[in-house]
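Read the structure below first, then the notes.
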Amino acid sequence: MHNYRFKRQTSRIGIFAGVTADALRQTTPPVRADHISDRVWLDTSRVTDGFRGTSLQLSRNEVGWLRTGLRHVADDITRAEATGHIIVVIHALEIVEVDYLEAALAPAIAGWAALEFGFTNRPAEIRLDDQTSEYVVCWTG
């Protein structure tokens, strides 16, 4: 089990989100997990607050951003794990309300996966889209 913290500070905003997760490996597809890619799955069924140890109920948007981050690195994960199914189990999130954007979960879980599976983490930036007024994640490299 590893923890990864995504942090960015600009002159306009500070962004922070931490993820503690584990990768389970099995030969058959899981019964209860979100399908990310051919062999990668996401389990958000028992997430706790990483600071308080209390249960967290993730919003649909938060799960969506975790899915986005895992989808971005799913090919890297399957290259690192030649066989079987990989279930990424989210154990805890570290959220500081003043610096939290749901979008930060995508680069946080992608960074966790790079650490867990030993591939290079690609830098990510979060920006506000001027036309939609929604945050977007942009990976570079």
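What's the center-to-center distance, using Cα atoms, between the stretch 106-125 and the stretch 35-77 in Å?
Value for the Cα centre distance between the two parts: 13 Å.
Length gain on complete extension for the stretch residue 13 to residue 46, per 0.36 nm per residue less the alpha carbon to alpha carbon distance?
Gain in length upon complete extension: 8.9 nm.
Which whole-number percent of Cα pairs in the chain have a distance greater than 20 Å?
On the way: 4249 of 9870 pairs.
Of the Cα pairs, 43 percent sit more than 20 Å apart.
Taking the simple approach of a point 7 Å from Cα along Cα-to-Cβ for both residue 97 and residue 61, what is their distance in nm?
Placing both labels 7 Å beyond Cα along the Cβ direction yields 1.5 nm.
Using the heavy atoms of the protein chains alone and a 1.4 angstrom probe, what is the accessible area of the chain per residue in square angstrom? Intermediate results must be reported in sequence, preceding the final value.
On the way: 7960 Å² over 141 residues.
Solvent-accessible surface per residue comes out at 56 Å².
Using each residue's phi in the stretch 124-136, evaluate 6.51 cos²θ - 1.76 cosθ + 1.60 at θ = phi - 60° and report the 3J(HN,Hα) Karplus result to the nearest Hz, with x for Gly and Pro.
With coefficients 6.51, -1.76 and 1.60, one gets 10, 10, 10, 9, 8, 6, 4, 7, 9, 6, 10, 7, 10 Hz.
Could you work out what % of the accessible surface of the chain is carbon and sulfur, using a 1.4 angstrom probe and leaving DNA, RNA and ligands out of the count? Before the final figure, lay out the partial values.
Details: 3750 of 7960 Å².
Here carbon and sulfur together make up 47 percent of the probe-accessible area.
Rounded to the nearest 0.05, what FRET efficiency do residue 75 and residue 125 give with R0 = 25 Å and r taken as the Cβ-Cβ distance? Could you check?
On the way: r = 21 Å, r/R0 = 0.84.
Given R0 = 25 Å and the Cβ-Cβ separation, E is 0.75.
How would you rank 100-109, 113-122, highest first, on the average number of other Cβ atoms within 10 Å across their residues?
Values: 100-109: 24.5, 113-122: 15.9.
Most protected by this proxy first, the peptides run 100-109, 113-122.
Helix 60-80 against the longest principal axis of the chain: what's the angle in degrees, Cα atoms only, rounded to the nearest 10?
Relative to the chain, helix 60-80 is tipped by roughly 50 degrees.
Describe numerically, in nm with one decimal, the distance between label points set 7 Å from Cα along Cα→Cβ at residue 82 and at residue 139.
With each label point 7 Å from Cα toward Cβ, the separation is 2.4 nm.
If the only charges are +1 at each Lys and Arg Cβ and -1 at each Asp and Glu Cβ, what is the size of the charge dipole of the chain around the Cα centre, to the nearest 20 debye?
Working: 15 positive and 18 negative charges, 38 e Å.
Computed charge dipole of the chain: roughly 180 debye.
Just want the answer: with Cβ charges of +1 for Lys and Arg and -1 for Asp and Glu, which residue in 135, 27, 115 is farthest toward the dipole's positive end in the chain?
Sorting the options by dipole projection puts first 27.
The values are calculated or read from the model by the stated rules, or taken from the named source; none is laboratory data. Keep in mind the model is a prediction, meaning the values are calculated, not measured. Ideal geometry is used to build each Cβ from the backbone, glycine not excepted, and the neighbour counts take in all protein chains shown. Calculation scope for accessible area: heavy atoms of the full protein, side chains included, ligands and nucleic acids excluded. Shrake-Rupley method; radii C 1.70, N 1.55, O 1.52, S 1.80 Å.
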